[in-house]
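A.B. asks: My structure is below; once you've seen it, I'll send some questions.
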Amino acid sequence: MRYGMVIDTSRCVGCNACAVACKQIHGTAPGVFWNHVERWEEGSYPNARMKYQPVMCNHCANAPCAEVCPVGATVVAENGIVTVDKERCMGCRYCVAACPYDARTFLMSTEGYYPELGIKTGFEETKEFLHEAGTVEKCILCNDRIAEGKEPACSKACPARARIFGDLADPTSTIAHLVLQHQAHGLQEDLGTGPSVRYIS
Amino acid sequence: MTTQQEKATAHTAQATHTKAPLDAVTQAKRPRFTRAQLLAGIIALLCLIVGIPSWVIQMTTVQFGEGLVTWGLNIDLFFLSAGIGSSLLAVTGLSLFGVLPGVYAQRKFLSIISFACLFVASWIVFVDAGTPLRVFSIIFSPQFNSLFVWDFYFIALAALISLIILFKREPKRALGCLGIVFGLAVTITEGCVLAVSVGTPHWSLNIGIPILFVLEGMIAALALILLISRVPQEEKRLVNALLALLAAALVVNAVDVLVGAYLGSGIEATTIAVMVVGGLAPLFWGQILLGLLVPLILLAIRRTRVSISCAAVLAIVGVFLGKLMTLLSGQAVLADGTLSTYMPSLLELGACVGYVGFVLLIVLVGMQIVAHRAAQNESVLVSEELA
Amino acid sequence: MDISRRSFVKTTAGVLAGTAVAAGVAGAATEAGFLPLLQATEGMFREALAAEAPTKTVTPGLCHSCHFARCSLNYTVEDGVLTEVEGNPNGPWNEGKCCVRGQAAPAFVYNPYRVKTPMIRTNPEKGLDVDPGWVEIGWDEAIGMLAEKMAALRADDSRKLVWMHGFPVFYNLITGMYGIVPATFGTPNTGMITGALCSVHLSNSLVQGGFAQYPDFAYGKYILAVGGTSAPNIAPGDGATSYIVDALKNGTRMVVVDPRCSPEAELGEWQPIRPGTDLAYLLALINVILHEEDRYDAWFLKNRTTGSYLINEAQSDYLRNEAGKPLIWDSVDAAPKAFDDPTINDFALEGVYTVQGEKVSPSFHLLKQGTTDYTPEWAEEITTVPAANIRTQARDLLDNALIGSTVVINGNELPLRPACVFLSRGMTNHRDGHVAFWTAMLVNQLIGAVAVPGGNVVASDPGALTPDADGVVIPENFHTRMWPWQFPHEMFQAQEFVPYGFDNAFRVNDALLEPERYQADYKPEMFISVGANYFNKAGDPERTSAALREYQFIATFSYHIDEHALFADLVIPDSTYIEQAAVYNFDMYRPGHPQLVNSTFGHKHIIDPVFDNRWIDEVWMDVAERMEMLYGPGQLVFLTNIILGIRPDLWLDLGTKPTQEEVIDRWLRTRYGDEMTLDTFAETGFAYEEVSGDKVFNYSYWPGSQTRHPLFNIYFKRAGDQLRAGMREAGVEHPGWDNELIDFYYRGIPQWRPTHAVETSSEFDLLGVLYKTPEMIFDVSGPSGNPWSVEAMETRPEFGKICLNTQTAEKKGLAEGDEVYVENRGGVRIGPYPVHTTELLHPDCLGIAGGNGHVGHGINPRMKRSIPYNHLLSTGWDAVDVITGAIDTSPRLKVTRA
């Protein structure tokens, strides 16, 4: 079993639904997006356009972050999902440097979105237990939702149906078909990280 | 006693009779602290007054410099401290082979510094970690796939060897061998810590970094020796060695930049641009000129006490800036091509000042312990002779 | 201290070893058991806590984070706290999807900057930068205050209440769009402040009897989208986004005519245009179609439009026979006949005929004549769209329209026209914007693409195309109203001066400041604002501030402190849709589904109010009770029954104060039958009927020549004539327009004249363009104050910046990041803001993404990061659209370095 995601950038309209869905489900801190959309302009007027590329943790088969973690907080699970055990993480940020995708965030504070008021909202309080200041965190491919038989929040949300979640190792799955059909590629594949997130463009 | 040891003893005896303020501790009747030591003590105290609160705040509230760089001044000091400590150990270890008798005579003093630097390097990791208490997991559940762990253990071993060299009256060559091996192992491993970081092309595409780390460590160690020790016999050789190392470091830097500029693409090319003409240019050219070129020229054309001291200071500052440069350049460009920013916070600066103070403190305490022991031993010797 | 080497080493070693052992034990314990033990204990503790508290529930409900409100979401609530929001897989539109706006709902609800409890101001001075000196009061006092003042006013003159509402409260039946409270109170002075940005309904309604038009993506192959968003630009979760993406990937072409390259332009093709010049562009399209290509859907024009109707010489009406029926010219019999005469052999579309002593022509002929001069070259000068492109686009429309083809759906043969022009606010909110809208519908009529598969359609509705006595789609319906001339005026704002005005709510402020120009014989004293905001939905902030100061008492129902609240004497906290029972019914055509009609989305209970806020329908019932406006005939409960159309046997008792839930329950049962109680409804969160196949297209209800779309705009002409006659009779002057202007635009065949869009001004050389982004549309759920929406916006390079075409910026010596002020011709200046240079914008434009900025003392600081674009808009008579009175959203602007 190897969970992964195919992202079709030709369908993406850059709406940020995935970014905010992830933020909402996991209650991430201000400025932290485990999932976000890269955007850049190409061409010149009037033959110009904006390009969109949603990015997230690639849950690499040969995860450099897991390689360099001195305390074994970052592990690649059997199902391919790379997680960080925040009870173990010592916050050395070696993994942050090692990740070619800038997918990891070192969390500095859990004071929430309203430090100017000195309060945390009722919603923020329910998500507190998911984060610890001084540790590194990242996209977990919603492994808690997957365990309940749901799909990740980002692919669930996408109004353009640009994200497809599934088991890359299952040749009968939709995602495996898509990878084959479109020769979907991972980012910076030449680094040998073996990303589980593949792109169709 | 072997001939070598006889020689060494003779040298030590000689050394004792020359005016070396730092060896005054061997004479029980001399004042407990020299003026230099007092000064160093005051500096250490001041540094720690700034440092200790900074550490406490940093460890309890998780704060770092502003911007998107996660390895900044703290890690720079870590590499510097570990680099000096381990390289000093390597040089001291080499001296146990009798090829550097002046250094050998200074071995205790240098071992104290070595130990202090290595200990403080570990301390820096502790302070810098997001959750310091979990650093102990490196001891209790080490993940040996991570070079960070190897570095940690090499530092620990190097510190231990420093201590042994410090307290052994006549350290054997085998110990010297270990000193060289683990002394170099630290800097090589640290260079590799960066070099295996796949996510940082500027480090991983660059075979020069482990080499550079070894060179920088040795530069700092030799510069320190020349700065604060009296080794007139070997001064010329040490200066030549330092010259060669500076030149080598210049070459490695140049190769790094040229290879990156001509063969690198995307992030690497942007990084080189940022380094050479962009936001990091002042730091880059600063460390090249002040830290490598100027000391090299100084040593090449003039070898007075003053010029050597100046060159040494510049060289050490150059290593500090050079490692900062390595760190920042690697983190200058994000995966999406945008540039990151960094500004050390007051807290970081305070913490770093504290590290310097901590090293000074350990060195001073260490010197006191050694002096006390030496005084006792002398009394014993005297009493033995009398007896 | 005596430390021998041996003892030192021994001690050290001992200490080290001891530490190692201790730590090792701790570590081992940690690794092996202690930590897991701790975690397990913590887990048990949590479970124990949870077991005592209410368990996790998942409730389906409506999403009202934007105004479409057709998505059904699943709300997860744990211990009374909303913890998750995601799409409901059973939602008929969204099928499990949820857009960025819905995803941000928890931050919308749990926002500490919300108004939490009723408050009154203690500082009598009112202004945007003035501290009101808020003091919290209890609900009883608040309701008492409101009731007392309203009762006194009602006893005096109920017209003196101005009530403005807006999208944010539309899921409330009583306080929402039906205006039941002001109707009960007895004031005509109500409206929706956002209405003036909504010049997108009239022509559509006149032509095909529906609220909003849309291209049919199921059969459509070529869509010319002019200033309109079909879905991907704002990425709603309702299925349209992915459906359209699919269509475009499968060969449907969408040409987006827009000053800005939007996501839709990226998916399709971008045709840049100077903003506010779309009328010229469309007239040129007609010119190519009629004069160069000479191709059009003759059958459609003859049988389903008034193209063959003879127009009188005065061009004020159809030429009619004695029975009053419009006449056509039978080209075979060479004689005039009534339009529905069964002996007609063929309808003449062209020619000049003498009938009843008048030289008359069919309206098609007049259209053709009237567009002779509007060549593509002429249009290129005005619009900057190359003449060759205009020709290509006209040809592509014609080629793809497959004029004459049909398709069989459900055994029913319908015309198939897989091409159309689609449009929206980007085109219509300009001086001549609504005339442009009408013209776009003319283009669609010329190619036969109205209400048919592949063409421009509205929501399925058997009654939409019902013909009137003239055989033409009835022009009066829920969405269209021509204000009859009344004098003294019906409303304080003298809406009669804009006969087809759609919620020109801002005009009240003009009348307050210059009552003599509006012939007011009374002065409003109280202003109640419910989910409305002049400052960021109208314009002219200074005038608005001055007008608001004219009121003696202002009460606002506010989600957070915004500009209106800053002028309020009494602020009442609004509830979000998640904290109360809510229902929303609004059918629109959406691509990709069987069409839903009679659809309602809603819920009964998700969470309790988070602060001291209440359900505002119930607040109003309490107020009404207190002021004796609740019980008995003619009062609030009574009018609730009437206006909501509650089935007589389900009427709420006139002597009992109902709860909001009871009202909703009766309303639901009226619409869907007695089984559909609120409880039943709440189980799924929606109720609807489905229409599919041929019934999606309103043609199927009135096929052949059973109805006709108006080609000649007798409505505008009538309105103009009525206006002039009324003014003449009453002896009053129009506050802003002269008769020449009225005559120019209020006529049957559109024509063009220069507007500010084509002025050459060396100083105000830029035209403003505001565009929506998915995070920030409608401002219905406070996105500019929502920290997640703001952060998401911040990932866009243009957020909070003044966008300029790269070359334009260069000419001005401006670079990325330079700070500039933006100023309009009225002297309003905003800024400074940094410049963002882009290739995705027409060179004549100044672009702002999202807008929705707010200003004011003590407001949520995040709201200030968005740019308050509407401050730059003018509500002056020289600026607004001449047909609907809508605000021109592309003013002339200039930038100056800060």
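A.B. asks: Test of understanding: among B:Val198, B:Val239, B:Val251, which residue is free of Cβ contacts under 8 Å to residues at least 40 places away in the same chain and within 21 Å of B:Phe320 (Cβ to Cβ)? First the steps, then the outcome.
C.D. replies: On the way: B:Val198 fails: within 21 Å of B:Phe320 (Cβ to Cβ); B:Val239 fails: free of Cβ contacts under 8 Å to residues at least 40 places away in the same chain.
B:Val251 is the lone residue from the list that is free of Cβ contacts under 8 Å to residues at least 40 places away in the same chain and within 21 Å of B:Phe320 (Cβ to Cβ).
A.B. asks: OK, next. Taking the stretch C:593-612 on its own, how many of its residues are at pLDDT below 95 and out of contact with any strand residue (DSSP E or B) (no Cβ under 9 Å at 6 or more places or on another chain)?
C.D. replies: Of the residues in the stretch C:593-612, 0 are at pLDDT below 95 and out of contact with any strand residue (DSSP E or B) (no Cβ under 9 Å at 6 or more places or on another chain).
A.B. asks: May I pose another question? Going through B:Leu263, B:Leu293 one at a time, which residue ends up being at pLDDT below 90 and among the aliphatic types (A, V, I, L, M)?
C.D. replies: Details: B:Leu293 fails: at pLDDT below 90.
Answer to the check: B:Leu263.
A.B. asks: Still on this structure: Hey, among the residues in the stretch C:109-141 that are touching a Ser or Thr at 6+ places or on another chain (Cβ under 6 Å) and without any contact (Cβ under 8 Å) to a residue 24 or more places away in the chain, which one's nearest to the other protein chains (Cβ to nearest Cβ)? Talk me through it step by step, then tell me what you get.
C.D. replies: Here is the first cut: in the stretch C:109-141, the ones touching a Ser or Thr at 6+ places or on another chain (Cβ under 6 Å) are C:109-110, C:115, C:133, C:135-136.
Subset that is without any contact (Cβ under 8 Å) to a residue 24 or more places away in the chain: C:133, C:135-136.
Working: C:Gly133: 20, C:Val135: 20, C:Glu136: 17 Å.
Of everything passing the filter in the stretch C:109-141, C:Glu136 is nearest to the other protein chains (Cβ to nearest Cβ).
A.B. asks: Sort through B:Ile164, B:Ile225, B:Ile219 and tell me the only one that's at pLDDT below 95 and buried (at least 23 other Cβ atoms within 10 Å of the Cβ).
C.D. replies: Numbers: B:Ile164 fails: buried (at least 23 other Cβ atoms within 10 Å of the Cβ); B:Ile219 fails: at pLDDT below 95.
Going through B:Ile164, B:Ile225, B:Ile219 in turn, just one is at pLDDT below 95 and buried (at least 23 other Cβ atoms within 10 Å of the Cβ): B:Ile225.
A.B. asks: Taking the stated definitions as given, is A:Asp85 open to solvent by 40 Å² or more (accessible area, probe 1.4 Å), within 12 Å of chain B (Cβ to nearest Cβ) and on the phi > 0 side of the Ramachandran plot? Walk me through how you get there before you give the answer.
C.D. replies: Values: open to solvent by 40 Å² or more (accessible area, probe 1.4 Å): yes; within 12 Å of chain B (Cβ to nearest Cβ): yes; on the phi > 0 side of the Ramachandran plot: no.
No: the conditions fail for A:Asp85.
A.B. asks: On to the next question. For the structure I just gave you, tell me whether C:Pro106 is under 30 Å from C:Gly592 (Cβ atoms), modelled with pLDDT of 95 or more and within 10 Å of chain A (Cβ to nearest Cβ). If you could, list the steps in order and put the result at the bottom.
C.D. replies: Details: under 30 Å from C:Gly592 (Cβ atoms): yes; modelled with pLDDT of 95 or more: yes; within 10 Å of chain A (Cβ to nearest Cβ): yes.
Against the criterion (under 30 Å from C:Gly592 (Cβ atoms), modelled with pLDDT of 95 or more and within 10 Å of chain A (Cβ to nearest Cβ)), C:Pro106 qualifies.
A.B. asks: Then there's this: Which residues, counting only those in the stretch B:210-248, are hydrophobic (A, V, I, L, M, F, W, C) and part of a loop (DSSP other than H, G, I, E, B)? Don't jump to the end; show me each part of the working.
C.D. replies: Taking the stretch B:210-248 and keeping what is hydrophobic (A, V, I, L, M, F, W, C), we get B:211-215, B:218-228, B:231, B:238-239, B:241-248.
B:Val231, the sole residue that qualifies.
A.B. asks: Then there's this: I need the full set of residues from the stretch A:15-44 which are more than 9 Å from chain C (Cβ to nearest Cβ) and small (Gly, Ala, Ser), in order please.
C.D. replies: Passing the criteria: only A:Ala29.
A.B. asks: Next question. Are any of the residues in the stretch B:264-287 within 27 Å of the chain's Cα centre (by Cα) and within 30 Å of B:Leu94 (Cβ to Cβ)?
C.D. replies: The answer is yes, given that some residue of the stretch B:264-287 is within 27 Å of the chain's Cα centre (by Cα) and within 30 Å of B:Leu94 (Cβ to Cβ).
A.B. asks: Going by the conditions given, is A:Glu111 assigned to a loop (DSSP other than H, G, I, E, B), within 14 Å of chain B (Cβ to nearest Cβ) and surrounded by 16 or more Cβ atoms within 10 Å (Cβ to Cβ)? Talk me through it step by step, then tell me what you get.
C.D. replies: Numbers: assigned to a loop (DSSP other than H, G, I, E, B): yes; within 14 Å of chain B (Cβ to nearest Cβ): yes; surrounded by 16 or more Cβ atoms within 10 Å (Cβ to Cβ): no.
For A:Glu111, the condition - assigned to a loop (DSSP other than H, G, I, E, B), within 14 Å of chain B (Cβ to nearest Cβ) and surrounded by 16 or more Cβ atoms within 10 Å (Cβ to Cβ) - is not met.
A.B. asks: Can you name every residue in the stretch C:622-652 that is in a loop (DSSP other than H, G, I, E, B) and closer than 27 Å to C:Asp608 by Cβ? Write out each step before concluding.
C.D. replies: Kept after step one, since they are in a loop (DSSP other than H, G, I, E, B), are these residues of the stretch C:622-652: C:627-635, C:644-647, C:651-652.
C:Leu630, C:Leu644, C:Leu652 - these are the residues of the stretch C:622-652 that are in a loop (DSSP other than H, G, I, E, B) and closer than 27 Å to C:Asp608 by Cβ.
A.B. asks: Among the numbered conditions (1) at pLDDT 95 or above; (2) touching a strand residue (DSSP E or B) at 6+ places or on another chain (Cβ under 9 Å), tell me where C:Leu630 comes up short.
C.D. replies: If we test C:Leu630 against (1) at pLDDT 95 or above; (2) touching a strand residue (DSSP E or B) at 6+ places or on another chain (Cβ under 9 Å), just (2) comes out false.
A.B. asks: Test of understanding: among A:Val75, A:Val68, which residue is open to solvent by less than 10 Å² (accessible area, probe 1.4 Å) and either over 15 Å from the mean Cα position of the chain (by Cα) or β-branched (Val, Ile, Thr) (or both)?
C.D. replies: None of the others qualify; the one that does is A:Val68.
A.B. asks: Here's something else I'd like to know. Report, by residue number, each residue of the stretch C:51-95 that is among the small types (Gly, Ala, Ser), facing chain A (nearest Cβ under 9 Å) and either more than 19 Å from A:His26 (Cβ to Cβ) or touching a Phe, Trp or Tyr at 6+ places or on another chain (Cβ under 9 Å) (or both). Can you show your working first?
C.D. replies: Here is the first cut: in the stretch C:51-95, the ones among the small types (Gly, Ala, Ser) are C:51, C:53, C:61, C:65, C:69, C:72, C:80, C:87, C:91.
Add one more test, that the residue is facing chain A (nearest Cβ under 9 Å), and what stays is C:80, C:87.
Of everything in the stretch C:51-95, just one residue is among the small types (Gly, Ala, Ser), facing chain A (nearest Cβ under 9 Å) and either more than 19 Å from A:His26 (Cβ to Cβ) or touching a Phe, Trp or Tyr at 6+ places or on another chain (Cβ under 9 Å) (or both), namely C:Gly80.
A.B. asks: Every residue in the stretch A:90-103 that is closer than 25 Å to B:Ile139 by Cα and more than 7 Å from chain B (Cβ to nearest Cβ), please.
C.D. replies: Looking only at the stretch A:90-103, we keep the residues that are closer than 25 Å to B:Ile139 by Cα, and these are A:90-99.
Once the filter is applied, which keeps residues that are closer than 25 Å to B:Ile139 by Cα and more than 7 Å from chain B (Cβ to nearest Cβ), the stretch A:90-103 yields only A:Cys95.
A.B. asks: Here's a follow-up. Which members of the stretch C:229-269 meet the condition of being among the aliphatic types (A, V, I, L, M), open to solvent by less than 10 Å² (accessible area, probe 1.4 Å), at the interface with chain A (Cβ under 8 Å from one of its Cβ atoms) and not in a loop (DSSP other than H, G, I, E, B)?
C.D. replies: Hits for the stretch C:229-269 are C:Val245, C:Ala265.
A quick yes/no check of all residues on (1) of a type outside the set (Phe, Trp, Tyr); (2) within 23 Å of C:Asp510 (Cα to Cα); (3) open to solvent by less than 10 Å² (accessible area, probe 1.4 Å):
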position	(1), (2), (3)
C:Leu146	yes, no, yes
C:Ala151	yes, no, no
C:Met164	yes, yes, yes
C:Val181	yes, no, yes
C:Ala196	yes, yes, yes
C:Val200	yes, no, no
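A.B. asks: Right, something else. Could you list, in sequence order, the residues of the stretch B:287-308 that are in contact (Cβ under 8 Å) with a residue 12 or more places away in the chain and open to solvent by less than 20 Å² (accessible area, probe 1.4 Å)? Write out each step before concluding.
C.D. replies: As a first pass, look at the stretch B:287-308 and keep what is in contact (Cβ under 8 Å) with a residue 12 or more places away in the chain: B:287-288, B:290-296, B:298-300, B:303, B:308.
Hits for the stretch B:287-308 are B:Gln287, B:Ile288, B:Gly291, B:Leu292, B:Pro295, B:Leu299, B:Ile308.
A.B. asks: With the condition kept exactly as written, say whether any residue in the stretch B:186-199 is away from every other protein chain (no Cβ under 13 Å) and either touching a Ser or Thr at 6+ places or on another chain (Cβ under 7 Å) or on the phi > 0 side of the Ramachandran plot (or both).
C.D. replies: As a first pass, look at the stretch B:186-199 and keep what is away from every other protein chain (no Cβ under 13 Å): B:186-188, B:191.
Checking the rest, the ones that are also either touching a Ser or Thr at 6+ places or on another chain (Cβ under 7 Å) or on the phi > 0 side of the Ramachandran plot (or both) come to B:186-187.
Scanning the stretch B:186-199 turns up at least one residue that is away from every other protein chain (no Cβ under 13 Å) and either touching a Ser or Thr at 6+ places or on another chain (Cβ under 7 Å) or on the phi > 0 side of the Ramachandran plot (or both).
A.B. asks: Can you confirm whether A:Asn62 is open to solvent by 10 Å² or more (accessible area, probe 1.4 Å) and not basic (Lys, Arg)? Give the steps one after another, and end with the answer.
C.D. replies: Working: open to solvent by 10 Å² or more (accessible area, probe 1.4 Å): yes; not basic (Lys, Arg): yes.
It is true that A:Asn62 is open to solvent by 10 Å² or more (accessible area, probe 1.4 Å) and not basic (Lys, Arg).
A.B. asks: Another question, then. Could you identify the single residue in A:Gly14, A:Gly31, A:Gly43 that is out of contact with any Ser or Thr (no Cβ under 8 Å at 6 or more places or on another chain), buried (at least 24 other Cβ atoms within 10 Å of the Cβ) and of a type outside the set (D, E, K, R)? Break it down into steps so the answer makes sense when it comes.
C.D. replies: On the way: A:Gly31 fails: buried (at least 24 other Cβ atoms within 10 Å of the Cβ); A:Gly43 fails: buried (at least 24 other Cβ atoms within 10 Å of the Cβ).
Testing whether each residue is out of contact with any Ser or Thr (no Cβ under 8 Å at 6 or more places or on another chain), buried (at least 24 other Cβ atoms within 10 Å of the Cβ) and of a type outside the set (D, E, K, R) leaves just A:Gly14.
A.B. asks: Only helices (runs of 4 or more DSSP H) wholly contained in the stretch C:699-818 count here; list those with 2 or more residues that are open to solvent by less than 20 Å² (accessible area, probe 1.4 Å) and touching a residue at least 60 places away in the same chain (Cβ under 8 Å). Reasoning before the result, please.
C.D. replies: Values: elements: C:714-730, C:739-745, C:787-794, C:806-811.
Passing ranges, in order: C:714-730, C:739-745, C:787-794.
A.B. asks: Here is a further query. Report, by residue number, each residue of the stretch C:213-228 that is under 13 Å from C:Val200 (Cβ atoms), modelled with pLDDT of 90 or more and not in a strand (DSSP E or B).
C.D. replies: C:Gln213, C:Gly227
A.B. asks: Of the residues that sit in the stretch B:91-142 and are under 17 Å from B:Ile155 (Cβ atoms) and not in a helix (DSSP H, G or I), which one is nearest to the other protein chains (Cβ to nearest Cβ)?
C.D. replies: B:Ala129
The values are calculated or read from the model by the stated rules, or taken from the named source; none is laboratory data. As the structure is a computational prediction, the values presented were derived from the model and not from experiment. Every residue, glycine among them, receives a Cβ derived from its backbone with ideal geometry; neighbour counts consider all protein chains shown. In case anyone asks, the SASA skips ligands and DNA or RNA and just uses the protein heavy atoms, side chains included. Shrake-Rupley method; radii C 1.70, N 1.55, O 1.52, S 1.80 Å.
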